[in-house]
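Asks: Following this message is one structure expressed as structure tokens.
The values are calculated or read from the model by the stated rules, or taken from the named source; none is laboratory data. Remember, it's a predicted structure, so these values are computed and weren't measured experimentally. Cβ atoms come from the backbone with ideal geometry, glycine included; neighbour counts cover every protein chain shown. Protein only, heavy atoms only, side chains kept; ligands, DNA and RNA dropped before computing areas. Shrake-Rupley method; radii C 1.70, N 1.55, O 1.52, S 1.80 Å.
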Amino acid sequence: ISDRFDPARLLVLCNVFVVIGLLVGAFASNAIMPYLSFILAGFGYGGMMPLVPTVLANYFGRDVLSRAVGIAQLVFGVLSGFIATIGFAIGDATGSLVNAFYVTAVIVGVCALLGMFARPPKNQRNK
């Protein structure tokens, strides 16, 4: 699909799926909704995995791709640890993980909004 559509825009779309999945999880009122939440968020996260290196290569060039992916994975890993810790702290403080779903949905939603305005650098050396 990323051959036909802009990978950066597809990355935004994947973030939207994650946000929808998180909100479905937060509003889960029956046994089916958590499964739907996991499917939507999983589709979004699964779509992001191959898109991130593609977007990085398009933005910064293939010559620096391995460094860019390494840095991105380091940042994603550290932030994932923080978001999980914050989520469980919210759950401990409030007695429910629903607010953690809301906070995470807002963070991912802001990332999606920022991604809509991302443009490749003007000095692309290695296209």
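Asks: Calculate, for Met33 and Asp6, the FRET efficiency according to 1/(1 + (r/R0)^6) with r their C-beta to C-beta distance and R0 35 Å; round to the nearest 0.05.
Replies: Working from the Cβ atoms, E equals 0.65.
Asks: Which sequence of Arg4, Arg119 reflects their accessible areas, 1.4 Å probe, from the largest down?
Replies: Arg4, Arg119
Asks: Over the chain, with every protein chain in place, what whole percent of the accessible area is carbon and sulfur at 1.4 Å, could you tell me? Display every interim value, and only then the final one.
Replies: On the way: 6010 of 8380 Å².
The C+S portion of the solvent-accessible surface of the chain is 72 percent.
Asks: Before anything else, pin down the relative contact order of the range 34-127: Cα pairs under 8 Å, at least 6 apart, normalised by residue count, whole percent.
Replies: Here the relative contact order equals 36 percent.
Asks: When the Cα centres of the range 35-81 and the range 97-118 are compared, how far apart do they sit, in Å?
Replies: That distance is 16 Å.
Asks: While we're on this one: Where does each of Phe82, Phe76, Phe117 land when they are ordered by accessible area, with a 1.4 Å probe and the largest first?
Replies: Per-residue accessible area, sorted high to low, gives Phe117, Phe82, Phe76.
Asks: If you don't mind, another one. What accessible area per residue, rounded to a whole number of Å², is obtained for the chain using a probe radius of 1.4 Å?
Replies: Values: 8380 Å² over 127 residues.
I get 66 Å² per residue for the chain.
Asks: What is the spread of the Cα atoms of the chain along each of their three principal axes, largest first, in whole Å?
Replies: Largest first, the chain extends 51, 29, 21 Å along its Cα principal axes.
Asks: Can you tell me how much longer the chain between Arg119 and Val16 gets when fully stretched, taken as 0.36 nm per residue apart minus their C-alpha distance, in nm with one decimal?
Replies: Residue separation times 0.36 nm, minus the Cα-Cα distance, leaves 35.2 nm.
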